[in-house]
1. How far apart, in nm, are two points set 7 Å out from the Cα along the Cα-to-Cβ line at residue 310 and at residue 98?
2. Could you work out how far helix 195-209 tilts from the main Cα principal axis of the chain, as a 0 to 90 degree angle to the nearest 10?
3. Need the full-extension length gain, residue 76 to residue 422, defined as separation in residues times 0.36 nm minus the C-alpha distance. One decimal, nm.
4. For helix 413-425, what angle does its Cα long axis make with the longest principal axis of the chain, in degrees from 0 to 90 and rounded to 10?
5. What's the percent breakdown of Cα-Cα distances in region 98-147 across 5 Å bins, shortest bin first?
6. What is the angle, in °, between the Cα long axis of helix 313-333 and the longest principal axis of the Cα atoms in the chain? Nearest 10 is fine, range 0 to 90.
7. Skipping prolines and chain starts, which residues have an amide H placed within reach, meaning under 5 Å, of the one on residue 389, given they are 5 or more residues away or on another chain?
8. Determine which residues of region 313-346 fall in the zone a paramagnetic label at residue 279 would reach in this model, i.e. backbone nitrogen under 16 Å from the point 7 Å along Cα→Cβ.
Amino acid sequence: MRQSSLVVVANRLPIDDSVAPDGACEWRRSPGGLVSALHPLLRQTPATWVGWAGGTGPAPVLPDVDGVHMQTVPLSADDLRDHYEGFANATLWPLYHDAVEQPEYHRRWWEAYQRVNQRFAEATAEVADPGAVVWVQDYHLQLVPGLLRELRPDLRIGFFLHVPFPPPELFMQLPRRAELLRGMLGADLIGFQRAQAAHNFAQLASKVLGLPATDRRIGVQDRVVRIGAYPVSIDTAEMAALAGRPDVTARARRLRHDLGDPERVILSLDRMDYTKGIEQRLKAYSELLASGDVKVRDTVLVQVAMPSRERVGQYQILRERIEREVGRINGEFGRVGEPAIHYLTQPFDRAELAALYRVADVMAVTPLRDGMNLVAKEYVAARVDDTGALLLSEFAGAAAELDQAYLVNPHDLEGLKQGILSALRAGPDDVGDRMRAMRDHLHRHDIRAWARSYLSALDDTGSLLTRLSSTG
Ligand code: G6P
């Protein structure tokens, strides 16, 4: 088994299978996200990514992708149902997002969660060099740091939670709360998106496990576990370059024309998820159409909703409700050739996405709760001419940094309607000032800065960091 000095462990591998022109199946690095942040570093050091390739049954053996070894972890049909769809996405996901849908608790799901986390820990233990740095990602794998430390106490273990970490009142519901906290505390450094999450975690470590805890450090037997906020970001320069490309600019013009050359285009782009506040946004928009504050003749809404976790009941119900509401609104307010809402559920490539960002005068990102929301950041990065109004929920992690956005509380329907109108009617000077400040922030706080600050805190021997800075 090949050994690596840096191992990233995440539920999903950072690759997509695509069909080559000759019909062969190829694996390619997926665009965006964590993988682009870590790629320069991963390429420079013997590195492995441990993750699930999608699907069920035996794990496919994959070739290295851009020099990074792919170590696949198999999931059976039962694991998929009880770990991924069950404990991860029907227990932890709703619980961590303010319980906006009821979390479900089943003992069988917990057993699957333990079993799959154990498998990930074992796969990681096999590929890590002595003293290697291991970075475990997200809520699917919260037991891995603890399990891995038992197997390999020599490793430097980091854990990063991409989703919110809830306040004690909510977390206390979780039947196996102590085990879950202990699992995370197997790490040397636990990273969160926001300082509030680190605070919640420290309170729980003290309350549930009786450990000495501050918002920065927790004492666990003879170790100190550090905690802190490391807000994740995007590859700002890459999105800006893409959005500024002449073909993307031309495509944006064409899209605007195809939308009927309206005065204002509003874009929303979400994974189809009940945390994203899509229904609340549609309701607000429909009331604005009904009152005549917004007119189909001069304003269009483009709602992209990518289907997600489609076998989970709550997601199926959500999709039906959204599609019924979009149909109702278009039936009531649209005209022949002029729908009120352009509703799309198809995947887009990065260039088409950038063109959509370029065409949107207003980007409405109004989740009820969101760890960060990288779509909001991508929109800002794509507005290379400093135009465009970002309407952003106070409950998205991004709001802590992008506070020049038009901020709204998506639970407050009247406030949401006012927010949409303010963003639609904002003058160019106000819009420009806000956008410039936000773009500037994102150029300084991009995904490489994020990875560098987290890894330098984790790896106090400094060897990985030296490699990272030499790769920019
Ligand atoms: C969130 C999670 C990620 C997850 C993504 C897509 O952003 O934090 O870990 O990969 O949603 O969800 P999926 O269930 O398709 O992996």
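Since every read-out is calculated from the coordinates, none of them should be taken as a lab result. Model, not experiment: these values are computed from the prediction. Positions of Cβ are generated from backbone atoms using ideal geometry, with glycine treated the same way; all protein chains shown enter the neighbour counts.
1. Calculated label separation equals 2.9 nm.
2. 40 degrees
3. Contour length minus Cα-Cα distance gives 119.6 nm.
4. Its long axis makes an angle of about 70 degrees.
5. Bin by bin from 0 Å, the calculated values are 4, 18, 23, 20, 16, 9, 5, 4, 1.
6. 10 degrees
7. 362, 363
8. It comes to 313-329, nothing else.
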